[in-house]
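First up is the structure itself, then whatever we jot down about it.
The values are calculated or read from the model by the stated rules, or taken from the named source; none is laboratory data. The shown structure was predicted, so the numbers you read here are calculated from the model rather than taken from an experiment. Here Cβ is always computed from backbone atoms with ideal geometry, including for glycine, and neighbour counts include all displayed protein chains. These accessible areas exclude ligands, DNA and RNA; they are computed on the full protein's heavy atoms, side chains included. Shrake-Rupley method; radii C 1.70, N 1.55, O 1.52, S 1.80 Å.
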Amino acid sequence: MIDQIKALLRGDPERIRFSLKEPTFSSLAQNSLIILIGSSVYGFTVGLWRAPLQSVFTAIKFPLLIFLTCIGNGVLNGMLAQVLGSGLSFRQTAFAILMSFAVASLILGGFSPITLFILYNAPPLASKHAIIGHSVMLLAHVFVIAFAGVMANRRLFGLLRKMSGRDATARAVLFSWLAGNLFLGAQLAWNLRPFIGSPRLAVEFLRDDPLRGNFYEAVWHAFRQLFV
């Protein structure tokens, strides 16, 4: 697994290409375990601002969010890879996306000490500025997750360039995958809320109104709380 992690973080096109040629159950299990551990550790830091119980709930839901995004975009990303001429089959595309999420989870796990630092320096839940604290945590985590997603997909660029033979095709496939993953992931995160937990609402695993509002409204509201 250590060799697998090193290859993923380096974006080693030869090693990744070899893994994609004949995806095995062992590789699938290793990447899934990396996602489970890395995203759970990060998820714990996300919910800790609200309450220890919320951090446990978020540590459970964060890997679920990643796996649902991977499954939800599997068919779409496979079709885009075929249409754009990536040279990857549907099966290879699904496995490549799983590996990109494994890289993202490693990056998120590495960011956990930084997000804990932000947490302990943000206005706490008990203060009169709790709404500001919530906005700080929300925007910080949105930035970190977006950064991890972009860097994780960027690790696949060498593979896509080698498989397609063209930089333009590799960039087109990479952008389409990234856009799809970020869009679906953001909305699923909203439907599976709370992750951070609102200072005015009770700690719970899921909200009673998962389809009310959307992720982008919440981010805009948090931005206005801090900067407008």
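Here are the numbers for this structure:
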{"quantity": "Computed Kirkwood radius, in angstrom, where 1/r is averaged over Cα pairs of the chain", "calculated": "18.2"}
{"quantity": "Carbon and sulfur %, accessible surface of the stretch 1-118 computed with the full protein complex present, 1.4 Å", "calculated": "74"}
{"quantity": "Protection proxy ranking, peptides 53-62, 72-81, average beta carbon neighbours within 10 Å, highest first", "calculated": "53-62, 72-81"}
{"quantity": "Percent accessible area from carbon and sulfur atoms, the stretch 136-228, protein chains only, probe 1.4 Å", "calculated": "64"}
{"quantity": "Over the chain: helical MRE at 222 nm, DSSP H runs n ≥ 4 each giving -39500 (n - 2.57), nearest 500", "calculated": "-26000 deg cm²/dmol"}
{"quantity": "Computed FRET value (nearest 0.05) for Glu204 with Ala126, which takes r as the C-beta separation and R₀ as 25 Å", "calculated": "0.80"}
{"quantity": "Percentage relative contact order, the chain, counting C-alpha pairs under 8 Å, at least six apart", "calculated": "28"}
{"quantity": "The stretch 98-228 - percent relative contact order, Cα under 8 Å, separation 6 or more", "calculated": "28"}
{"quantity": "Normalised alpha carbon radius of gyration of the stretch 38-90 [divisor 2.2 N^0.38 Å]", "calculated": "1.62"}
{"quantity": "Packing-based ranking, highest mean first, of 82-90, 95-103, 162-170 given that Cβ atoms within 10 Å are counted", "calculated": "95-103, 82-90, 162-170"}
{"quantity": "Dipole magnitude (debye, nearest 20) for the stretch 96-228, charges at Cβ of Lys, Arg, Asp, Glu", "calculated": "400"}
